[in-house]
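Enquirer: Input: one structure, supplied below.
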Amino acid sequence: MNIKQIRKWLVSGFLALVATSTATAQTFVFTAIPDEDETRLVERFRGIADYLSEQLEVDVRYIPVKSYAAAITAFRNNQVQLAWFGGLSGVQARALVPGSEALAQGVEDQAFYNYFIAHKSTGLDRADELPEGIRGKTFTFGSKGSTSGRLIPEYHIRERFNEAPETVFSRVGFSGNHTRTLRLVESGTYDVGALNYKVWEKELEDGNINTNDVKIIWKTPGFPNYQWTIRGDVDDRFGEGFKEKVREALLNLDDPALLESFPREGFIPASNDDYEPIRSVASELGIID
Amino acid sequence: MRDFAFDGLSASFGGQRVIGPLSLAVKQGEHVALVGKSGAGKSTLIKLLYERLTREASLVPQGLGLVNALPVFHNVFMGQLDKHPLWYNTLTLIRPFRKDRDVIRGLLDDLGIPDKQWTPAATLSGGERQRVAIARALYRQAPLLLADEPISALDGPMAHLVMQALTDRFSTSVIALHDVDMALTYCNRIVGIQDGQVALDQPASRLRTSDIMTLY
Amino acid sequence: MLFFAIAVAGLFIADIAITTANPWRDLGQFFIGVATPNFFSTEGLMTALLRTVAFGFVGVTLGSLCGFLLALVYRFMPVRIFCAFIRAIHELFWALIFLQFFGFHPLTGVLAIAIPYAGIFAKVYSEILDESDPEPSRLLPPGTGAIAAFLYARIPDCWVQLRTYTAYRLECGLRSSAILGFVGLPTLGFYLESSFSQGLYSDAGAMLILFYVLIATMPLWVKPKLLPFYILAAPFFLGEGFPIVWGNVERFFTEDIVPSPLRNGEGLAGLSTWLGDLMVTEALPGIWNTIVLTQIALVATGILSLLAFPLISKHFGGPVRRTSGHVFLVIARSTPEYILAYILLQLWGPSMLPAVVALALHNGGIIGHLIGRQTNTIELRPDAPTGFTRYSWELVPRVYRSFLAFLFYRWEIIMRETAILGILGIYTLGFYVDSAIQNIQFDRAMILILITASLNIGVDILGRYIRRKLALQTMPTC
């Protein structure tokens, strides 16, 4: 009985090793923060993978992840070499991977902004500053690691009320992503939420928002957001000049369908320094050391 | 097998002395029957002897000590686990060797259960289980037998067969028996135990059933 | 009584509310989704199912082998402590830890199951081995090797029990494996989470149905003869993942989990402020919420199982009632509480209520099933009362002791689950662990995980003490 089991175990253990060590070695892998509905992300980034694969002449693969942290960790662990990060996740990732750099950002990402939205039952209206009336309501952020879903809204809430969100609101939640924030406020699960304006506009355009139930109450000032970030060691692995080729490919991306899926007008060069404002806000809020 | 002699054998249970202190000396060739009321201390004496003679004795305890999940063959084979290397024992667990099968089959044949070799011990009747424990003791081939009521679950002819086999194959034995006639028939020395002490110690040839009955 | 009072007190403190404006509409949509399953939604569904089974098999096999070896030396105190420690950390926490350095390598999922299971197996196996009849070993000829003695005299005697328990654990392993998808491994939970968060209830319903079918048909496809085949084949179906970069492993242990004050050379003074801050802002609220939720869930579980066991008891109702009772309890207990809580959270909004209901449904389903089965072995006198009197005078008193035994046994399990539910957004310890990981502060996460583990060990000891005090005995459940 026992011998048989030991034999089984040895054989299967060995096979497990063989099976796993043959994993792909020279595939260029990228990921993206899961800030929206997964179906949409998969559709969008598969298109990007095909495009990059054609331009770079290597295998390019997109892997979906379940959290912002998972995207950062995969980047840090060199299991992905390129990532579509938000402002904050990009800053965190670049701090963890020396030599990595912001390659390109969307035209709109230079001055990105947020909407605070509210359910109709709150009776709140659009205003020029964050309305006092949100005090005591329930509030949802997006993901814990999100720039437009967490960092910027929290920053403005603290600026406006001089208090932590937990004391301003009767209940604070994390919906997970921008689409969920929209759905939760629309259904009244939360009174108020904050989300990325791009998601709002895209959903509005697609006719997915019931504007009787949910409306915008405030628009934040602009801040730098999403960007493509690449590891510093890709040239060693994929050949001299690879990083530049990736940058070129991204900047030259002009397929309207692909751009529309982000949605961005196009991509422009970006640098690590562009995200200094995000870094200082995050550090102020104690999200990064 | 050397002769053995022990002095000051005693055992307590829960602060209560159940046996001894007593002395017992047995010579090669003796077949000693321990007789006496239940609770007199026969089982305890067998246990005490086994503790001191483990190396040279085969034991048939009252509880039999069978591994219920294993077939009869393996229960008997356990009598010689010390004689083989680990790989041999392990392989036997999965698939027994022919020569061991033949030997053990022969033993079971003598004990009247030849067809039970591959039956799990759990499904055997009381009498069959007892014979498996006896087969294990025989298979061990120790010079001395220590047995505690080895025929309690066997009917007349089978009991005789087993007692015959035990006294034939072991040159020396100490057997606790409640059946006085059996004791007189198969053993050559009778030791009566009463309240933890030796109350009678005579060659069987000098005793009759009635002499022993005084112990009960 | 004391426990009941604590739970009632807990109810007042706890945050229980349905925050959704229209919870019943969502719940209705969900049930419509389950009634109209869409089996062809996700291309990866079948692969996910296969991966779920593969991770379950490999994890449980590895866990049972290691657990068996540990069981052999379980009498040594350090081994006991080690096992208590590794099983006090939930599979999901293990997965979150391994994700940080193995990343999306199959080893992450395999170890996340195998490690805590090894700890559980070690304990249960050693209990089973201790109960085997010692007499045969005493009778072996002196000079018999220890291994041969073990193989002949110990193993066969408890073989059936070992096998039954391992098979039972395999079912638990499939559940654990499915849940791992929630943190990104390629099992069922991955797709379930995606479908749910997008409101694709028909897709989610299909996945749940497939999962129930998988669990319910286990006796049909898990046969002893086929096991070697499954165990050999399973490693091939774990998926490729990404190669392990060993530098990451080293970095994780030598840098990431070193408390940041030490890393930055602030010394012990810095460490104590850091720890103090961590305790006050995260650990203590987390511990408090975890305990409150655990106690409420424990009592709710107790009430639910007392209510549920008549559903399958032969002393009440006819075969139709009992069959539907069985179906209900099977669904309740084979849905992992994490998934139940996730579903209810999606439908009712975030508060402790979904967690309490999920924990009570799952655990109440298990205990109700066990107690119900136990009542079926009771023969009542022909003139026994019927109806509620029969329930309260004849049956409950007879099963009450084992009911308490099961309940206290599951106390620790409920606490472990409670902690993990924090990942879903309830403010138990898991919430703070998840937050720390989201903020890439693994040092904080590790401290919080260690705190969670000690809390579990504490409750385990307390539960065992109470069971011993009341002389209650049970077989382990999961």
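Enquirer: If you take the residues in region C:425-443 that are more than 15 Å from the chain's Cα centre (by Cα), more than 10 Å from every other protein chain (Cβ to nearest Cβ) and in a helix (DSSP H, G or I), which one is modelled with the lowest pLDDT?
Expert: Among them, the one singled out is C:Asp443.
Enquirer: Those residues that are hydroxyl-bearing (Ser, Thr, Tyr) and in a loop (DSSP other than H, G, I, E, B), I need them from region A:195-226; list them, please.
Expert: Initial filter on region A:195-226 (hydroxyl-bearing (Ser, Thr, Tyr)): A:197, A:211, A:220, A:226.
Within region A:195-226, A:Thr211, A:Thr220, A:Tyr226 meet the criteria.
Enquirer: Determine, yes or no, whether B:Leu145 is of a type in the set (A, V, I, L, M), in contact with a Leu (Cβ under 7 Å, 6 or more places away or on another chain) and either farther than 25 Å from B:Leu53 by Cβ or at pLDDT 90 or above (or both).
Expert: Details: of a type in the set (A, V, I, L, M): yes; in contact with a Leu (Cβ under 7 Å, 6 or more places away or on another chain): yes; either farther than 25 Å from B:Leu53 by Cβ or at pLDDT 90 or above (or both): yes.
Here the answer is yes, as B:Leu145 does meet what is asked.
Enquirer: Looking only at region C:414-423, decide whether some residue is within 14 Å of another protein chain (Cβ to nearest Cβ) and either touching a strand residue (DSSP E or B) at 6+ places or on another chain (Cβ under 7 Å) or in a loop (DSSP other than H, G, I, E, B) (or both).
Expert: No: region C:414-423 contains no residue that is within 14 Å of another protein chain (Cβ to nearest Cβ) and either touching a strand residue (DSSP E or B) at 6+ places or on another chain (Cβ under 7 Å) or in a loop (DSSP other than H, G, I, E, B) (or both).
Enquirer: Would you check if there is a residue in region B:43-52 being at the interface with chain C (Cβ under 8 Å from one of its Cβ atoms) and either closer than 13 Å to C:Arg138 by Cα or surrounded by fewer than 21 Cβ atoms within 10 Å (Cβ to Cβ) (or both)? Break it down into steps so the answer makes sense when it comes.
Expert: The first filter runs over region B:43-52 and keeps only residues at the interface with chain C (Cβ under 8 Å from one of its Cβ atoms), leaving none.
No.
Enquirer: Restricting to region A:85-101, and then to whatever is surrounded by 24 or more Cβ atoms within 10 Å (Cβ to Cβ) and hydrophobic (A, V, I, L, M, F, W, C), can you tell me which residue is farthest from the other protein chains (Cβ to nearest Cβ)?
Expert: A:Phe85
Enquirer: Here is a follow-up. Report yes if C:Phe150 is assigned to a helix (DSSP H, G or I) and under 23 Å from the mean Cα position of the chain (by Cα), otherwise no.
Expert: no
Enquirer: Regarding region C:212-222, can at least one residue be identified that is under 23 Å from A:Lys66 (Cβ atoms) and more than 14 Å from every other protein chain (Cβ to nearest Cβ)? Explain how you work it out, then say what you get.
Expert: Initially, region C:212-222 is screened for residues under 23 Å from A:Lys66 (Cβ atoms), giving C:214.
Filter once more, so that each one left must be more than 14 Å from every other protein chain (Cβ to nearest Cβ): C:214.
Scanning region C:212-222, I find at least one residue that is under 23 Å from A:Lys66 (Cβ atoms) and more than 14 Å from every other protein chain (Cβ to nearest Cβ), so the answer is yes.
Enquirer: Just to be sure, is C:Phe82 surrounded by fewer than 23 Cβ atoms within 10 Å (Cβ to Cβ) and either touching a Cys at 6+ places or on another chain (Cβ under 8 Å) or assigned to a helix (DSSP H, G or I) (or both)?
Expert: On the way: surrounded by fewer than 23 Cβ atoms within 10 Å (Cβ to Cβ): yes; either touching a Cys at 6+ places or on another chain (Cβ under 8 Å) or assigned to a helix (DSSP H, G or I) (or both): yes.
Yes, satisfied.
Enquirer: I need a count of the residues in region A:28-57 that are assigned to a helix (DSSP H, G or I), under 16 Å from A:Ser143 (Cα atoms) and touching a residue at least 24 places away in the same chain (Cβ under 8 Å).
Expert: Start the filter on region A:28-57 by keeping residues that are assigned to a helix (DSSP H, G or I), which leaves A:38-56.
After this cut, where a residue has to be under 16 Å from A:Ser143 (Cα atoms) as well, the list is A:38, A:41.
With the extra rule that they be touching a residue at least 24 places away in the same chain (Cβ under 8 Å), the set shrinks to A:38.
So the answer is 1.
Enquirer: Oh, and also: Which condition breaks for C:Gly241 when tested against (1) without any contact (Cβ under 8 Å) to a residue 12 or more places away in the chain; (2) farther than 30 Å from C:Tyr409 by Cβ; (3) at the interface with another protein chain (Cβ under 9 Å from one of its Cβ atoms)?
Expert: Just one mismatch for C:Gly241, condition (1).
Enquirer: Looking at B:Gly126 and the list (1) of a type outside the set (Asp, Glu); (2) under 18 Å from B:Gly63 (Cβ atoms); (3) buried (at least 20 other Cβ atoms within 10 Å of the Cβ), which single condition is not satisfied?
Expert: Looking at each condition in turn, B:Gly126 falls short on (3).
Yes/no matrix, rows are residues, columns are (1) touching a helix residue (DSSP H, G or I) at 6+ places or on another chain (Cβ under 6 Å); (2) under 24 Å from C:Glu282 (Cβ atoms); (3) surrounded by 24 or more Cβ atoms within 10 Å (Cβ to Cβ); (4) not aromatic (Phe, Trp, Tyr):
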{"residue": "C:Asp383", "(1), (2), (3), (4)": "no, no, no, yes"}
{"residue": "C:Glu417", "(1), (2), (3), (4)": "yes, yes, yes, yes"}
{"residue": "C:Leu424", "(1), (2), (3), (4)": "yes, yes, no, yes"}
{"residue": "C:Phe431", "(1), (2), (3), (4)": "yes, yes, yes, no"}
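Enquirer: Now for a different question. If I filter region B:175-182 for residues that are of a type in the set (Asp, Glu), more than 14 Å from chain C (Cβ to nearest Cβ) and more than 18 Å from B:Leu48 (Cα to Cα), do I get at least one hit? Talk me through it step by step, then tell me what you get.
Expert: The initial filter retains those residues of region B:175-182 that are of a type in the set (Asp, Glu), namely B:179, B:181.
Remaining after also requiring more than 14 Å from chain C (Cβ to nearest Cβ): B:179, B:181.
Among the residues that remain, those that are also more than 18 Å from B:Leu48 (Cα to Cα) are: B:179, B:181.
Checked region B:175-182: at least one residue is of a type in the set (Asp, Glu), more than 14 Å from chain C (Cβ to nearest Cβ) and more than 18 Å from B:Leu48 (Cα to Cα).
Enquirer: For region A:130-158, which residues satisfy the criterion of being within 16 Å of A:Tyr275 (Cβ to Cβ) and within 14 Å of chain C (Cβ to nearest Cβ)? Lay out the reasoning, then the answer.
Expert: So in region A:130-158, the residues within 16 Å of A:Tyr275 (Cβ to Cβ) come out as A:145-148, A:150-152, A:155.
Those that are within 16 Å of A:Tyr275 (Cβ to Cβ) and within 14 Å of chain C (Cβ to nearest Cβ): A:Gly145, A:Ser146, A:Thr147, A:Arg150, A:Leu151.
Enquirer: So A:Val65 passes all but one of these: (1) surrounded by 19 or more Cβ atoms within 10 Å (Cβ to Cβ); (2) aliphatic (A, V, I, L, M); (3) within 11 Å of chain C (Cβ to nearest Cβ); (4) over 16 Å from the mean Cα position of the chain (by Cα). Which condition number does it fail?
Expert: Of everything listed in (1) surrounded by 19 or more Cβ atoms within 10 Å (Cβ to Cβ); (2) aliphatic (A, V, I, L, M); (3) within 11 Å of chain C (Cβ to nearest Cβ); (4) over 16 Å from the mean Cα position of the chain (by Cα), A:Val65 misses just condition (4).
Enquirer: Would you check which residues across region C:227-283 are closer than 21 Å to C:Ser435 by Cα, among the β-branched types (Val, Ile, Thr) and over 28 Å from the mean Cα position of the chain (by Cα) and list them?
Expert: Answer for region C:227-283, where residues must be closer than 21 Å to C:Ser435 by Cα, among the β-branched types (Val, Ile, Thr) and over 28 Å from the mean Cα position of the chain (by Cα): C:Val258, C:Thr273, C:Val280.
Enquirer: Another question about this same structure. So, in region B:72-95, exactly how many residues are free of Cβ contacts under 8 Å to residues at least 60 places away in the same chain and either assigned to a helix (DSSP H, G or I) or crowded, with 21+ Cβ neighbours inside 10 Å (or both)? Let's see the steps before the verdict.
Expert: Here is the first cut: in region B:72-95, the ones free of Cβ contacts under 8 Å to residues at least 60 places away in the same chain are B:73-74, B:78, B:81-95.
Now restrict to residues that are either assigned to a helix (DSSP H, G or I) or crowded, with 21+ Cβ neighbours inside 10 Å (or both): B:73-74, B:78, B:81-83, B:86-94.
Of the residues in region B:72-95, 15 are free of Cβ contacts under 8 Å to residues at least 60 places away in the same chain and either assigned to a helix (DSSP H, G or I) or crowded, with 21+ Cβ neighbours inside 10 Å (or both).
Residue-by-condition table, conditions (1) away from every other protein chain (no Cβ under 13 Å); (2) within 29 Å of C:Met207 (Cα to Cα):
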residue	(1), (2)
C:Gly67	no, no
C:Pro106	no, yes
C:Leu111	no, yes
C:Glu127	yes, no
C:Phe150	no, no
C:Ala153	no, no
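Enquirer: Here are the criteria: (1) away from chain C (no Cβ under 14 Å); (2) aliphatic (A, V, I, L, M); (3) over 24 Å from B:Pro157 (Cβ atoms). Tell me which single one B:Leu91 does not satisfy.
Expert: Result: B:Leu91 passes all but (1).
For (1) aromatic (Phe, Trp, Tyr); (2) closer than 26 Å to C:Glu412 by Cα; (3) touching an Asp or Glu at 6+ places or on another chain (Cβ under 6 Å), each residue gets a yes or a no:
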{"position": "C:Thr108", "(1), (2), (3)": "no, yes, no"}
{"position": "C:Pro142", "(1), (2), (3)": "no, no, no"}
{"position": "C:Gly145", "(1), (2), (3)": "no, no, no"}
{"position": "C:Leu151", "(1), (2), (3)": "no, no, no"}
{"position": "C:Leu162", "(1), (2), (3)": "no, yes, no"}
{"position": "C:Ala178", "(1), (2), (3)": "no, yes, no"}
{"position": "C:Phe182", "(1), (2), (3)": "yes, yes, yes"}
{"position": "C:Pro186", "(1), (2), (3)": "no, no, no"}
{"position": "C:Phe190", "(1), (2), (3)": "yes, no, no"}
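Enquirer: Please enumerate the residues belonging to region A:226-244 that are surrounded by fewer than 19 Cβ atoms within 10 Å (Cβ to Cβ) and of a type in the set (D, E, K, R).
Expert: Listed by number, the residues that qualify are A:Asp233, A:Asp235, A:Asp236, A:Arg237, A:Glu240, A:Glu244.
Enquirer: Could you name every one of the helices (runs of 4 or more DSSP H) located completely within region A:71-170 that has at least 2 residues being under 18 Å from the mean Cα position of the chain (by Cα)? Write out each step before concluding.
Expert: Details: elements: A:87-96, A:152-161, A:165-168.
The helices (runs of 4 or more DSSP H) meeting that bar are A:87-96, A:152-161.
Enquirer: Still on this structure: Exactly one condition in (1) without any contact (Cβ under 8 Å) to a residue 12 or more places away in the chain; (2) in a loop (DSSP other than H, G, I, E, B) is false for C:Gly103; which is it?
Expert: For C:Gly103, the failing item is (1).
Enquirer: Return only the number of the condition from (1) within 19 Å of the chain's Cα centre (by Cα); (2) over 27 Å from C:Pro259 (Cβ atoms); (3) at pLDDT 90 or above; (4) in a helix (DSSP H, G or I) that A:Glu260 does not satisfy.
Expert: (3)
The values are calculated or read from the model by the stated rules, or taken from the named source; none is laboratory data. Remember, it's a predicted structure, so these values are computed and weren't measured experimentally. No Cβ is skipped: glycine too gets one built from the backbone with ideal geometry, and neighbour counts run over all protein chains shown.
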